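To start, the structure under review is shown below, and the notes come after it.
Every number here is computed from the coordinates shown, using simple stated rules; none is lab data. What you see is a predicted model, and the numbers here were worked out from it, not measured in a lab. Here the Cβ positions follow ideal geometry from the backbone for every residue, glycine too, while neighbour counts run over all protein chains shown.
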């Protein structure tokens with residue numbers, strides 16, 4: 001009978017119930033969408049980072065690692081080719097390539113811009129990094145010309161386009177000033193805005209003469225096969241790192257997590273903030289529910305009086321309203337889950353075009369382009385539980401109040 | 001042609017032939033031979049039409065290549081540079097912090113100018129790193145000059161090639177061009193004004209242009225200078241830097 | 001021993017910033033099987049008296065004794081039990097549960113008693129509904145009924161658990177005279193056949209005439225107490 005009264009009440013106050021349920025559903029929808037986008041952004045940022053900047057693991061000599069903030073052209077890794085062949089024997093490893101970063105300036109004579117350039121080996125770089133996927137123009141050719149690939153945004157800032165020439169200025173391995181003209185063969189338009197705004201790549205062949213490198217390689221970048229689940233990927237990377245450590249005790253290694261520790265720290269904070277934001281959304285939904293149940297209690301005060309006059313105990317009354325809240329909550333949660341699933345299906349399949357929506361206002365995001373949603377069933381479960389509980393608890397407080405009110409003041413005989 | 005004229009020509013020729021590159025460098029050094037220097041100077045950094053002025057007080061000891069620079073223009077008031085040998089420290093009064101400049105940073109433009117710390121620090125060791133040859137004679141700004149070409153002997157010479165216009169009479173280097181290995185001209189320095197202080201011709205106004213940034217140049221003007229005044233070695237300490 | 005006894009019962013409450021003395025010391029003993037009418041001008045304390053007897057309100061001072069037991073001494077659950085098993089209310093404004101049908105409204109007190117099967121509840125409910133001549137309306141909702149029909153549902157609801165005491169606050173106030181007569185006769189029949197005690201407040205002359213005892217309240221005190229021999 002309690003359930004019958006509760007259900008009938010819910011049906012009778014259709015608008016109010018639907019309003020509450022929609023509040024819950026919208027709260028959940030927001031939560032699910034935000035969580036999906038946030039996870040997608042995290043995953044996207046990691047994929048970007050690994051595919052464009054950090055690789056899975058980076059090997060350096062301890063000597064270089066100690067000074068690497070200054071990016072000296074010293075402390076290179078010996079015997080790169082044999083090291084590469086040896087590392088590739090690990091089943092987890094997808095590719096290995098050498099990279100060397102250098103500090104310099106880029107000049108078009110009217111302007112000069114400080115840059116961090118990267119020397120890559122065109123032959124092996126694409127076994128680790130996916131620069132070639134994003135190039136407008138061409139990759140390094142086998143011509144003897146000095147060629148350069150630039151981030152597209154950087155090139156635009158400097159007024160450069162494919163086929164143009166730019167003067168690179170840097171210190172050689174021996175700290176001699178050097179400057180030379182490079183032909184822009186390709187522009188990088190990647191999903192990493194930082195790379196687009198500051199990426200400068202030259203081939204190891206032209207670097208050998210430009211920087212007097214004499215084959216110096218400071219960073220060996222190791223790629224590990226991708227896994228769909230990020231946790232699996234991290235586990236694989238760590239296992240590969242452990243293997244490398246025991247095999248090459250005189251090299252230091254850093255996973256992408258360690259290389260970009262600052263980013264992950266910030267990401268964690270951002271995530272916490274995002275989560276707080278979502279909790280606030282749900283709390284607002286809870287206040288909405290609280291309010292509707294409270295309204296329902298006051299509207300039905302006379303009814304409550306009658307029930308008590310006929311011997312309803314406080315507990316039974318409280319249970320009645322809890323039941324109403326619970327049913328509303330379940331209804332709302334079901335609606336929220338259904339809508340969330342639909343929205344997420346869309347997000348996973350078609351993605352969220354961050355670049356089109358955010359425009360240029362979010363320049364410091366580590367990711368660009370379209371972000372794809374993720375399925376995060378644990379979070380969904382938690383949010384559903386939270387929504388139902390919120391609705392129930394929101395019903396509890398006014399219900400208790402109704403149960404403890406003086407009966408007479410609920411009935412008003414006089 | 002009488003005998004007297006011939007002798008004159010001969011002796012002139014002899015004088016010309018007798019002097020070689022290293023000798024000119026050595027003679028140039030005379031103009032830099034002082035025990036100590038105390039000066040006030042200003043540096044004008046001209047980028048397009050905008051001029052930024054840095055004013056400073058400089059004291060230096062040749063022994064140990066020590067110098068202390070204190071900036072006096074309002075924006076940089078209290079900022080100090082201490083150079084000891086090849087090392088440079090900068091004191092920032094607002095942060096009350098000292099930063100050591102080393103490695104790459106020494107090659108960067110000082111205070112946004114076209115003068116690198118390295119240029120400012122460079123000791124007279126040109127002949128250690130460069131092979132020197134007289135590659136011509138030219139009249140520069142009305143002064144009869146040797147054209148001196150310095151070519152790097154070692155890989156760690158800061159520039160691959162340097163060309164100097166050195167006045168034959170007073171051994172003042174009126175102009176210097178620095179080149180990269182690629183042959184690209186990197187920097188041009190010109191002496192705009194010299195002043196005689198004792199036996200020394202001191203360049204009181206120098207213009208520097210970074211050829212990779214053609215819209216900017218830096219003019220360094222020494223406004224007052226006294227040489228060989230006794231200086232307390234305690235001036236050039238970290239403690240004094242912070243004060 | 002009287003079934004219900006009130007000793008020096010007072011009740012005051014504040015309305016706005018005014019203290020209202022609804023009852024100023026009422027002594028009243030009600031025997032089992034009484035058909036008692038409480039009359040008096042409005043504001044004389046009739047409703048308050050009924051509320052206090054029905055334990056919907058507590059006296060400010062004095063004592064209500066039911067079956068020899070003071071109500072004041074009962075716990076909240078004990079009071080709920082008293083209301084559940086011994087007393088029934090008929091409200092002036094019916095107070096039916098709007099989401100429940102006629103039959104469900106009438107079943108409600110039985111549901112609360114928790115001692116009947118579904119079948120038993122249905123049978124009992126239908127019996128009283130038929131008694132108040134609403135048999136063909138059992139599945140309607142209150143909003144589909146007339147005022148008189150609603151009041152009859154309220155009476156049926158009060159009577160279904162066969163309480164010892166029925167408290168009715170102006171049970172005929174919202175009814176036309178024909179329906180009112182009908183309602184009164186139902187109450188009288190129960191009073192006669194099952195010795196159910198009725199205590200009702202009324203302005204209705206006709207109702208008053210049917211009572212076997214008439215208590216007149218004035219300014220919170222009993223002004224007169226007349227017993228009729230039937």
**OP:** Could you check which residue among A:202, A:280, A:22 shows the biggest mean-square fluctuation in a GNM of chain A with a 10 Å Cα cutoff?
**Re:** A:280
Original post:
Which one of C:20, C:153, C:214 has the biggest mean-square fluctuation once chain C is modelled by GNM with Cα springs under 10 Å?
Top reply: C:20
Subject >> Cα-based equivalent ellipsoid of the stretch A:62-250: semi-axis lengths in Å, sorted from largest, via gyration tensor >> reply: 29, 20, 14
**OP:** On a 0 to 90° scale, report how tilted helix C:102-113 is relative to the longest principal axis of chain C, with both axes built from alpha carbons and the result rounded to the nearest 10.
**Re:** 60
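Which of A:273, C:35, A:264 comes first, and how do the rest follow, when ranked by fewest Cβ neighbours within 10 Å? Provide the component values of the computation, followed by the final result.
Working: A:273 10, C:35 22, A:264 18.
By the 10 Å Cβ count, ascending: A:273, A:264, C:35.
Of B:229, A:183, how do they rank once you tally other Cβ atoms within 10 Å and put the fewest first? If you can, show how the numbers build up before the last one.
Working: B:229 11, A:183 16.
Lowest to highest Cβ neighbour count: B:229, A:183.
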Original post:
Which value at 222 nm does the protein assembly as shown reach when only helices count, each DSSP H run of 4 or more adding -39,500 (n - 2.57), with the total divided by all residues and rounded to the nearest 500 deg cm²/dmol?
Top reply: -12500 deg cm²/dmol
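Per the Kirkwood treatment, what hydrodynamic radius in Å, one decimal, follows for the stretch A:1-74 from the mean inverse distance over all distinct Cα pairs?
Values: mean 1/r = 0.0565 Å⁻¹.
For the stretch A:1-74, inverting the mean 1/r across all distinct Cα pairs yields 17.7 Å.
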**OP:** Could you work out the Rg to Rh ratio of the stretch A:168-265, with Rh taken as the Kirkwood radius (inverse of the mean 1/r over all Cα pairs)?
**Re:** 1.04
**OP:** Report, as a whole number in µm² per second, the diffusion coefficient that Stokes-Einstein gives for the stretch C:55-99 at 4 °C and 1.567 mPa s using the Kirkwood radius over alpha carbon pairs.
**Re:** 106
**OP:** Once you've got the GNM for chain A with C-alpha springs shorter than 10 Å, pick whichever of A:90, A:180, A:69 has the biggest mean-square fluctuation.
**Re:** A:69
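Classify the stretch C:119-164: rounded, prolate or oblate, from the alpha-carbon gyration tensor (a ≥ b ≥ c, eigenvalue square roots; a/c under 1.5 rounded; otherwise prolate if a/b is larger than b/c)?
Working: a/c = 2.16, a/b = 1.40, b/c = 1.54.
Because a/c hits 1.5 or more and a/b fails to exceed b/c, the stretch C:119-164 counts as oblate.
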Original post:
Rounded to a whole number of µm²/s, how large is the Stokes-Einstein D of the stretch C:90-158 at 4 °C and 1.567 mPa s, given Rh as the Kirkwood radius over C-alpha pairs?
Top reply: 111
Original post:
Over the stretch C:121-230, one equal point on each Cα, no solvent: what is log10 I(q)/I(0) by the Debye formula at q = 0.11, 0.14, 0.17, 0.24 Å⁻¹?
Top reply: -0.38, -0.59, -0.84, -1.47
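Please compute the average number of Cβ atoms from other chains found within 10 Å of each residue's Cβ in peptide A:166-177.
Per residue, the average neighbour count from other chains is 6.
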**OP:** May I ask you to derive the FRET efficiency for residue C:123 and residue A:280 from their Cβ-Cβ distance with R0 = 51 Å, giving the value to the nearest 0.05?
**Re:** 0.40
**OP:** On a C-alpha basis, how far is the centre of the stretch C:153-230 from the centre of the stretch B:145-198 in Å? Whole number, if you could?
**Re:** 125
Original post:
Which translational diffusion coefficient, to the nearest whole µm²/s, is obtained for the stretch C:1-90 from the Stokes-Einstein equation, given a Kirkwood hydrodynamic radius over C-alpha pairs, 10 °C and 1.306 mPa s?
Top reply: 115
Original post:
What spacing in nm lies between the two simple spin-label points modelled at residue A:214 and residue B:75, each 7 Å away from Cα in the Cβ direction?
Top reply: 4.2
Original post:
Where does the Debye-calculated log10 I(q)/I(0) of the stretch B:135-193 sit at q = 0.26 Å⁻¹, using only Cα point scatterers of equal weight, no solvent?
Top reply: -1.02
Original post:
What whole number of Å gives the distance from the Cα centroid of the stretch A:124-159 to the Cα centroid of the stretch A:275-289?
Top reply: 47
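Send over the per residue convex hull volume for chain A, Cα only, as a whole number of Å³. List each step's numbers first, then the result.
Values: hull volume 73.1 nm³, N = 414.
Hull volume over Cα atoms, normalised by residue count, gives 177 Å³.
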Subject >> Reciprocal of mean inverse Cα separation for the protein assembly as shown (Kirkwood radius, Å) >> reply: 37.1
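Compute and list, largest first, the equivalent-ellipsoid semi-axes of the stretch B:22-242 from the alpha carbon gyration tensor, each √(5λ) rounded to a whole angstrom.
Numbers: eigenvalues 157, 81, 66 Å².
The equivalent ellipsoid of the stretch B:22-242 has semi-axes of 28, 20, 18 Å.
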**OP:** Could you work out the per residue convex hull volume over the alpha carbons of the stretch B:175-220, in cubic angstrom?
**Re:** 63
Original post:
If each residue's Cβ is checked for other Cβ atoms within 10 Å, how do A:375, C:116 rank with the fewest at the top?
Top reply: A:375, C:116
**OP:** May I have the extent of the alpha carbons of the stretch C:1-48 along their three principal axes, as whole Å values ordered from largest to smallest?
**Re:** 41, 20, 11
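Hey, got the average number of other protein chain Cβ atoms within 10 angstrom for residues in A:274-284? Could the numbers behind the result be given before it?
Values: counts 0, 0, 0, 0, 0, 0, 0, 0, 0, 0, 0.
Averaged over the peptide's residues, the number is 0.
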**OP:** Within 10 Å of each Cβ in peptide A:105-112, how many partner chain Cβ atoms are there on average? Round it to a whole number, please.
**Re:** 5
Subject >> Base-10 log of normalised Debye intensity for the stretch C:1-160 (one unit scatterer per alpha-carbon) at q = 0.10, 0.16 Å⁻¹ >> reply: -0.45, -1.01
